[in-house]
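One structure is given here, and the rest of the page talks about it.
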Amino acid sequence: MPRAGRCHDGRVTDDAAPLPSLDELLSTARVVALPLVTRFRGIDVREAMLFEGPEGWTEFSPFVEYDDDEASAWLAAAIDYGWNAPPPALRDRIPVNATVPAVDPDSVRAVLAMFPGCRTAKVKVASADGTLGADVARVRAVREALGPEGRIRVDANGGWNVDEAEHAIHALAPFDLEYVEQPCATIDQLAEIGLRIKYMGIPIAADESVRRAEDPLAVAEFSAADLLVIKAQPLGGIRRALRIIEQAGLPVVVSSALDTSVGLAMGAQLAASVPELDYDCGLGTASLLAADVTRDPLVPVDGSIAVRRVHPDPELLDRYAVDAERMDWWIERLGRVHAVLEATPVDRG
């Protein structure tokens, strides 16, 4: 397998391994359905397909509503991690944040307790069935639990328009926000809200405008955000994500998409390879899973996770395996997405 390397200026330079055949992927494919501790992102169970490549186990887990074109980047990432040796690691542990779903304030301390040692919390706001008053109460509860030294970032997932975002950020600013993630949906809106609140000194982070954009660099080119949230699977893999980071020239937070520990290991490897990592990363989300595919999950210990490959436990793969109908659904999906990669290859190297 080709090995990832860097030029003297830090650029990732290697070539990707050839696209493995569909039969090769299916020969080890397993699909699991893992229950969550609390409802998150509108789901109670996270489904994921795992398979083993020459470099180890890897994960293909685009959300079920994503179409085949969008899912093709996720498959490219899985193949990159399973079939190509990773770039050199610059660190062996990754500091991570706690993730607080849209829970009531009385549940906040219990959620934070699932992330031992984490001094940064990302708080979900702007949920479709929520109110700004509930968001304020939740963020206040997090601030009270973390104390004045803790860092709080809020994530709106593009749920506000510009006027709503301005109003909400003013309401949340007293809790000393580290940044606001994806307050609005479009790049133009991000740029406008950034100008409106510039005097407040609260940075804007872009997530969906990077990972779900046709051009992930557009946010940086239009100065629409102060930092980028980078996820390995949606961006086509570790090495492609590193090139996006290099070209964007902005600070980054490496995050996850509610992955199993196998997928989180991919994210940790990406974070380990980023030259400058100034923010705690969103890679502690195994704590939101009520079950995992390994008996040694990548959950936070003293506020960080290790950089290592994860090997699924066969008994857990059997215990949480989907039924035959769902397995057929995933196999058919894999076949369609693999065909997309064959026809219009995602940049995998």
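The values are calculated or read from the model by the stated rules, or taken from the named source; none is laboratory data. In this text, all values refer to a predicted model and were calculated from it rather than measured experimentally. Cβ placement follows ideal geometry from the backbone for every residue including glycine, while neighbour counts extend to all protein chains displayed. Ligands, DNA and RNA are stripped out before the accessible areas are found, and what is left, the full protein with its side chains, is counted by its heavy atoms. Shrake-Rupley method; radii C 1.70, N 1.55, O 1.52, S 1.80 Å.
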Query raised in the report: Based on the Kirkwood radius over alpha-carbon pairs, what is the Stokes-Einstein translational diffusion coefficient of the chain at 25 °C with 0.890 mPa s viscosity, in µm²/s?
Result: 120
Query - In sequence order, calculated HN-Hα J values of region 326-332 (Karplus, 6.51, -1.76, 1.60; Hz; x Gly/Pro) - result: 5, 4, 4, 4, 5, 5, 5
**Report entry** Amide H contacts under 5 Å for residue 96, placed H, 5+ residues apart
**Finding:** 281, 304, 305
Query raised in the report: Looking at region 265-349, which GluC sites (Glu not before Pro) are in a loop (DSSP not H, G, I, E or B) and have at most 12 other Cβ atoms within 10 Å?
Result: 276
Report summary line: The correct pair for region 48-110, radius of gyration to one decimal and Dmax as a whole number, both in Å and from Cα atoms, is 16.6, 47
Requested in this report: Please calculate the 1.4 Å probe accessible area of residue 93, with all protein chains present, and give it to the nearest 10 Å².
Outcome: 100
Report summary line: In order over region 318-325: 3J(HN,Hα) from phi, Karplus 6.51/-1.76/1.60, θ = phi - 60°, whole Hz, x for each Gly or Pro, gives 6, 4, 9, 5, 6, 6, 4, 5
Report summary line: Mean accessible area per residue over region 187-233 (1.4 angstrom probe, all protein chains present, square angstrom) is 44
Query raised in the report: What does the accessible area of residue 198 come to, in Å² to the nearest 10, when a probe of 1.4 Å is used?
Result: 150
Query raised in the report: Against the longest principal axis of the chain, how steep is helix 132-146, in degrees 0 to 90 to the nearest 10, with axes from Cα atoms?
Result: 80
Report summary line: Non-local residues with an amide H under 5 Å from the amide H of residue 253, with H modelled 1.01 Å from N and Pro and chain starts lacking one, are 228, 229, 230
Report summary line: At 4 °C and 1.567 mPa s, the Stokes-Einstein diffusion coefficient in µm²/s for region 211-312, with hydrodynamic radius from the Kirkwood sum on alpha carbon pairs, is 92
Query - Of all DSSP beta bridges in region 197-335, antiparallel share, percent nearest 5 - result: 10
Query raised in the report: Pairing the Cα long axis of helix 238-248 with the longest principal axis of the chain, what angle in degrees results, from 0 to 90 and rounded to the nearest 10?
Result: 40
Query raised in the report: What fraction of the DSSP beta bridges in the chain is antiparallel, stated in percent and rounded to the nearest 5?
Result: 45
Query raised in the report: If we sort 68-81, 239-252, 133-146 on the protection proxy, mean other Cβ atoms within 10 Å, highest first, what's the order?
Result: 68-81, 239-252, 133-146
Query - Highest-fluctuation residue, 294, 131, 58 considered, GNM on the chain with Cα pairs under 10 Å - result: 131
**Report entry** For residue 236, distant residues with modelled amide H under 5 Å away
**Finding:** 77
Requested in this report: For region 133-243, count all C-alpha to C-alpha pairs, find those more than 19 Å apart, and express that count as a whole percent of the total.
Outcome: 45
